[in-house]
1. State all residues of region B:245-261 that are free of Cβ contacts under 8 Å to residues at least 24 places away in the same chain and open to solvent by less than 20 Å² (accessible area, probe 1.4 Å); if no residue qualifies, say none.
2. Which of the numbered conditions does residue B:228 fail, given that it passes all the others? Conditions: (1) over 22 Å from residue B:296 (Cβ atoms); (2) not in a helix (DSSP H, G or I).
3. Filtering region B:214-226 down to residues that are in contact (Cβ under 8 Å) with a residue 40 or more places away in the chain and within 11 Å of chain A (Cβ to nearest Cβ), which residue is surrounded by the fewest Cβ atoms within 10 Å (Cβ to Cβ)?
4. Could you give me the residue pairs with C-beta distances under 8 Å whose first residue belongs to region A:1-26 and is free of Cβ contacts under 8 Å to residues at least 40 places away in the same chain, whose second residue is part of a loop (DSSP other than H, G, I, E, B) and open to solvent by 30 Å² or more (accessible area, probe 1.4 Å) wherever it lies, and which are 6+ apart or on separate chains?
5. Look through region B:100-119, keep the residues that are at pLDDT below 80 and surrounded by 18 or more Cβ atoms within 10 Å (Cβ to Cβ), and return whichever of them is nearest to the chain's Cα centre (by Cα).
6. Open to solvent by less than 70 Å² (accessible area, probe 1.4 Å), within 13 Å of chain B (Cβ to nearest Cβ) and out of contact with any Asp or Glu (no Cβ under 8 Å at 6 or more places or on another chain): which single residue out of A:19, A:59 fits that description?
7. Can you tell me which residue within region A:30-56, out of those that are surrounded by 15 or more Cβ atoms within 10 Å (Cβ to Cβ) and assigned to a loop (DSSP other than H, G, I, E, B), is nearest to the other protein chains (Cβ to nearest Cβ)?
8. Does residue B:264 meet the test of being within 14 Å of chain A (Cβ to nearest Cβ) and either open to solvent by 60 Å² or more (accessible area, probe 1.4 Å) or in contact with a Ser or Thr (Cβ under 7 Å, 6 or more places away or on another chain) (or both)?
Amino acid sequence: MDDTELRTAIVTELHAVAPEVDVDGLVDTRPLRRQVDLDSLDWLRFLVGLHERLQVDIPEADYPQLASLADLMGYLRARI
Amino acid sequence: MISRCPPSGKLIEWLVQPGDEVHKGQVVAIVDTSKAAIDVEIWTDGVVGQLKTVPGETVLVGAVMATILDPGEAPPEPEPPAAEPDHAPAPPAGSTRTADAARHDEAAGVRRRISPAARRHADEIGIDVAAVTGTGPLGTVTLADVDRAAAARPTPEAKSVETATPAERHALVRQAIAAAMSRSKREIPHYYLSETIPMARAVDWLTAENAGRPITERVLMAVVQLKAVARALADFPQLNGFFVDGSFRPAPVAHIGVAIALRQGGLVAPALHDVAAKDMPTLMRELSDLVARARAASLRSSEQSDATITVTNLGDQGVESVFGIITPPQVALVGFGRVAPRPFVTEAGLAAVATVSASLAADHRVSDGHTGAMFLASLHDWLQRPEDL
């Protein structure tokens, strides 16, 4: 899976949780939860979606490392 | 026995007839004062004897409007008006003149008048009072007018929430919120309490629990709080149930309405059924499913009407605390703010401790601050022993 495919996978799962989001307007380096209105349940549903698509488990303790889309890509790339 | 009218004004309509049984607190008449149309309540139980005032007639403060018989008392022989010098004689020509004056005022653009009972009824059955023709004095909209408007209303188009466009759906949700919240603020005498609850034990316990679980079974603090509310409610039935037709009906179990923000704006509060009886992973799955379906506008009607109390959690938005508006006919709402470390005095002194502000808005017709305070104390205790929840 290359970076473009990985980004597409992440954005697809994000869109499933927050269908109103303009995914083309997302800035990879800005904190995601500042760009998209995600409460803790949305965030968990988003991570469960990624887990089911990519078979990567994301412990709660790692949440602080996952602020931006770029953070998520780096984290997931190292684990798939 | 005698019922008296509080301020002076013009009688709009009687809601009872001679021979009707009446109960203390019942609205028996509507009187138009200079400021508004008001309900006249009866302050005793009994049976309506004679109505001594006719619609359109002006009633002075302290005047006898009607006689009320004690239960079992025989109705008196009708008396000639002259036999009672202390009450205003019924004006035979006066009522005609008043009716003429009313039409005249209406034509001159006097603001619309509506009795509180009629307004409440219109709200409940979804009638726009601005479109109702008032037939009472001064064009006042009466209960009968609202019923007439309801009967004449065309059957609404079969536009379900599922087939509505997002904009239409948003408008429907907004309307529903406006109706419920306006009614709540009009009818429910709210009282509010809050309590700062240390959450360190619950946070540590949940962190350890979740560390041993796959991501698909992870539980959120919101679920721990819901479970604690359900457990605490078991000892406080006055906070869990419905206020209907002037009396409170406690609910046997707590179906908690969970306030869910919709992405297009607005919110719904569908019920999680019998929260106390379910374990947390089950509640988490059900909550997740409820949120997904609430946002997809595919809730079941039972979920929309079953909730016996509501919990709103605005912690994710970062607010310190939330004081909610009760959803009628429920009688209480519990609010949680953000769980975060704050300065807190413990036995060891001042420390930074994770705390949450929990609030209770409750209906003073059903419970008192003392009960509410004991409930929050119980909620506090439950959150100190999450392993027992």
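The values are calculated or read from the model by the stated rules, or taken from the named source; none is laboratory data. This one's a predicted model, so the numbers in the text were calculated from it and none came from an experiment. Cβ sites come from the backbone with ideal geometry, for glycine too, and all protein chains shown count toward neighbours. For accessibility, only protein heavy atoms count, side chains too; no ligands or nucleic acids. Shrake-Rupley method; radii C 1.70, N 1.55, O 1.52, S 1.80 Å.
1. Keep residues of region B:245-261 that are free of Cβ contacts under 8 Å to residues at least 24 places away in the same chain, which gives B:245, B:247, B:249-250, B:252, B:261.
None; the set is empty.
2. It fails just one condition, (2).
3. The initial filter retains those residues of region B:214-226 that are in contact (Cβ under 8 Å) with a residue 40 or more places away in the chain, namely B:217-226.
From what is left, the residues that are within 11 Å of chain A (Cβ to nearest Cβ) are B:217-223.
Numbers: B:217: 14, B:218: 20, B:219: 20, B:220: 22, B:221: 21, B:222: 21, B:223: 26.
Going through the qualifying residues, I end up with B:217.
4. Listed pairs, sorted by first residue: A:18/A:37; A:18/B:263; A:19/B:263; A:20/B:263; A:20/B:264.
5. Of region B:100-119, the ones at pLDDT below 80 are B:100-113, B:115-117.
When the remaining residues are screened for being surrounded by 18 or more Cβ atoms within 10 Å (Cβ to Cβ), the result is B:102, B:113, B:115, B:117.
Details: B:102: 34, B:113: 23, B:115: 19, B:117: 15 Å.
Per the stated criteria, the residue is B:117.
6. Working: A:19 fails: open to solvent by less than 70 Å² (accessible area, probe 1.4 Å).
Just a single option satisfies the conditions, and that option is A:59.
7. Checked region A:30-56; the qualifying residue nearest to the other protein chains (Cβ to nearest Cβ) is A:39.
8. Working: within 14 Å of chain A (Cβ to nearest Cβ): yes; either open to solvent by 60 Å² or more (accessible area, probe 1.4 Å) or in contact with a Ser or Thr (Cβ under 7 Å, 6 or more places away or on another chain) (or both): yes.
Spelling it out, residue B:264 is indeed within 14 Å of chain A (Cβ to nearest Cβ) and either open to solvent by 60 Å² or more (accessible area, probe 1.4 Å) or in contact with a Ser or Thr (Cβ under 7 Å, 6 or more places away or on another chain) (or both).
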